[in-house]
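See below for the structure under consideration.
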Amino acid sequence: MNLHEYQGKEILASFGVGIQRGKVASTPEEAVEAAKQLTEETGTSWWVVKAQVHAGGRGKGGGVKLAKSLDEVRDRANDIIGMDLVTPQTSAEGKRVHQVLVAEDVYYPGESETSEIYMSVLLNRETGRNMIMYSTEGGMDIEAVAENTPHLIFTEEIDPKVGLQGFQARKIAFNLGLSGKAFKEMTKFVTALYSAYDGIDAALFEINPVLKTSDNRVIAVDAKVSLDDNGLFRHPDYAALRDKREEDPIDVEAGDAGLNFVNLDGNVGCMVNGAGLAMATMDIIKMAGGNPANFLDVGGTADAKRVETAFRIILQDENVKAILVNIFGGIVRCDRVAQGVIDAYKNIGDINIPIIVRLQGTNAVQAKEMIDASGLEVHSAIALKEAADKVKELVS
């Protein structure tokens, strides 16, 4: 589950991570009030107005703007709120902006130069250890840094059983070329950041940039935080931060219905029960000359209503030319799935693409009889190869 920048920063601050302070606003008037409050609390006289969407590269799309007066805060917020922000991490249509973060200006003059640092915390799946990735080239696309100057990217792996050690935090500060107060501030920052990552069951922290200010403070100017969905049951307060407006409506609908759904780019929709059978079904579709349009697992307790919902979700994809239903009835009863297919066909209406149904297992015979007797344009199959051949015949 992804969080907005302001939400991620609030969590980081609760673990003692230094952040660029700010306040969220949903209207230009709220943005002005937020700017006034920030001035009272921090003394800042300039502000940064940032679009709050689940995507990086907001500045390149015009979603991050500096304001040097309250009138400019209002104007910047008015420009950003309601816009469809297009970034390298969004679709061509972009993401609608509903809120902005009005943040303090942290690029103020001082005794030393500011420097921007890239830092992320994530799991290295090859080693089974957590990893801090960091670079002196903050503020840039880390992919470009990796391609053009890979020697400027450092990594530090942490054994999750023992956690981040003091010498590792100091090593990171040393590799970043810091000294004196900035060195001490960076070791504190890294230690608190890793504690936050571990403490909230995060899947990813990405902060670009981490800023060493001109007075040698170290703060997170941005915060991309992704939580591990499997750990949300331990953090109901964080689960409540979910913003469904930022997610694909189809994914939201599937999740609310208890369906495991992943949209793909193919032309054959598939509905199965069980992840392993789903993978095998997609392989069969591919071998038959088609391309799977989705991964959709209705689960082991699918009933007629859930099956109908699954059909509605698949049919929203205009690229789908056929649907293959492949169910092995262990816990789930095949006759219930068959009833769901029949109900979906009747309730949705005007289904003008072929549907191939293969049901095996509990009450499979009754299920086939129900489908054959329904009078609907549904093709039933017994063997998996038979279903694959039907796909090839109907899609080609």
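Note on segment 326-396 and segment 27-61: Cα centroid distance 54 Å, given to the nearest whole angstrom. Here the chain has 49 percent of its accessible surface on carbon and sulfur atoms, given a 1.4 Å probe and all protein chains in place.
With protein chains left intact and a 1.4 Å probe, residues in the chain average 48 Å² of accessible area per residue. Relative to the dominant Cα principal axis of the chain, helix 384-395 is inclined by about 80°.
Using heavy atoms of the protein chains and a probe of 1.4 Å, the accessible area assigned to THR39 is about 50 Å². Compared with the dominant Cα axis of the chain, that is its longest principal axis, helix 304-315 is turned about 70°.
Here each label is just a point 7 Å from Cα along the line to Cβ, and for GLU33 and SER112 those points are 4.0 nm apart.
Between ASN148 and ILE250, what length in nm is gained on full extension when 0.36 nm per residue of separation is reduced by their alpha carbon distance? Could the numbers behind the result be given before it?
Numbers: separation 102, 0.36 × 102 = 36.72 nm, distance 3.78 nm.
Result for the pair: 32.9 nm of gain on full extension.
The gain in end-to-end length when the PHE174 to VAL262 segment is fully stretched comes to 27.4 nm, 0.36 nm per residue minus the alpha carbon separation.
Our summary gives segment 193-238 a relative contact order of 36 percent, counting only alpha carbon pairs under 8 angstrom and 6 or more residues apart.
Return a whole-number percent for the relative contact order of the chain, with Cα pairs under 8 Å and 6 or more residues apart as the contact set.
Numbers: 795 pairs, mean separation 49.1, N = 396.
Worked out over the chain, it gives 12 percent.
When both segment 155-197 and segment 81-101 are represented by their alpha-carbon centers, they are found 34 Å apart. Kindly express, to the nearest 10 degrees and within the range 0 to 90, the angle between helix 180-199's C-alpha long axis and the longest C-alpha principal axis of the chain. The two axes meet at around 20 degrees. Close amide-amide hydrogen proximity is noted between ASN273 and VAL298, PHE328, each under 5 Å apart and 5 or more residues distant or on a separate chain (H modeled in the peptide plane; Pro and chain starts excluded). Once both labels are positioned 7 Å from their Cα atoms along Cα-to-Cβ, the gap between GLN366 and ASP350 label points is 3.5 nm.
The values are calculated or read from the model by the stated rules, or taken from the named source; none is laboratory data. This structure is a prediction, so every number in the text was calculated from the model and none was measured. As a convention, Cβ positions derive from the backbone with ideal geometry for all residues, glycine included, and neighbour counts pool all protein chains shown. Please note that ligands, DNA and RNA were not included when accessible areas were found on the heavy atoms of the full protein model with its side chains. Shrake-Rupley method; radii C 1.70, N 1.55, O 1.52, S 1.80 Å.
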